[in-house]
1. Check each of the GluC sites (Glu not before Pro) in the stretch 1-104 and keep only those in coil by DSSP with at most 14 other C-beta atoms within 10 angstrom; list them in order.
2. Rounded to two decimals, what is the ratio between the C-alpha radius of gyration of the stretch 118-250 and 2.2 N^0.38 Å?
3. Express the relative contact order of the chain as a whole percentage, based on alpha carbon pairs under 8 Å and six or more residues apart in sequence.
4. Over the chain, what is the percentage of antiparallel beta bridges among all DSSP beta bridges, to the nearest 5?
5. Based on the alpha carbons, how large is the Rg to Rh ratio for the chain when Rh follows Kirkwood?
6. What accessible area, in Å² to the nearest ten, does a 1.4 Å probe give for F234?
7. Using only Cα atoms, tell me the angle between helix 72-85 and the longest principal axis of the chain; keep it within 0 to 90° and round to the nearest 10.
8. Loop only per DSSP, at most 16 neighbouring Cβ atoms within 10 Å: give me the trypsin sites (Lys or Arg not before Pro) in the stretch 34-83, ordered by residue number.
Amino acid sequence: MVRSPRDDLPAEQLIGDLDGPLDLRGVGTVFLLVPGTGLEHTGNFVSAARTAGVRRIVYLSSYAVLGDPVPAMGRWHHAREQLIAAAGPAPTFLRPTGFMTNAFDWLPTIRSGGYVLDPIGPGRAAPIDPADIAAAAAVVLTEDGHENQQYTLTGPDASTLAEQVAILGAAIGRTLDVRPIATPEEAVRFRYPDGASPELAAAIVEGLTRMRADTTGLRTDDVRELIGRAPSTFGDWCERNAAAFGDLLK
């Protein structure tokens, strides 16, 4: 279900919008990805799912729900999980770490000055390739036995941002500098150059502060157990996407 159909998607597409009432009649299985920070979209979906008798729901949540205490980003996802669980069918929650594709956020400073801004310093994380999330989602959408399950999806290696930048530099054949971020405001602009709401900005700063403090990095075997192979490394992702970086750097 999409807002704007695309010719290159190999699937039947229906027009739909989470901003208002939905018609899910005839739909038995749903993969749900909700943008933004509120609960309105999830509530609209849950209402439609109940009416239509949807039998299987897979929701793309976040590993942030595992925090203690749960940070703002995690609280939003946790509240959505609760709404979905109340819809009726036993749902499956996929809780990935940060996406490797977030590295595309580095392009403006790489293009302008050959450097990447670093908001987490010694913090380590194990980002995941979105293709591995898709592979895991395909399994839980099409196989039985994943009802009422939660899977934390991570990449195989926990690394600092500086280590990731070095890996990307090697893949694109360019030496990249790393510069520490000086202020919380700079950290928010780095992720959202066009600005973010005060609520979202505060959540970003909170999340980055926690990442800086985590010098180990969360890793699980859930991806391997679901798809039968190890998840891609950040180096794998960089090699596959080196051409895209090269095109954008011209």
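The values are calculated or read from the model by the stated rules, or taken from the named source; none is laboratory data. Note that this is a predicted model, so its numbers are computed, not measured. Note that we place each Cβ from the backbone using ideal geometry, even for glycine, and neighbour counts take in every protein chain shown. Note: accessible area is taken over every heavy atom of the protein model, side chains too, but ligands, DNA and RNA are not part of it. Shrake-Rupley method; radii C 1.70, N 1.55, O 1.52, S 1.80 Å.
1. Details: sites: E12, E40, E81; in loops: E12.
Sites meeting the loop and neighbour criteria: E12.
2. So the stretch 118-250 has a normalised radius of gyration of 1.20.
3. Details: 421 pairs, mean separation 50.1, N = 250.
Reported relative contact order: 20 percent.
4. On the way: 1 of 19 bridges.
The answer is about 5 percent antiparallel.
5. Details: Rg = 19.0 Å, Rh = 19.5 Å.
We get a ratio of 0.97 for the chain.
6. So the heavy atoms of F234 present about 20 Å² to solvent.
7. 20 degrees
8. Sites meeting the loop and neighbour criteria: R55.
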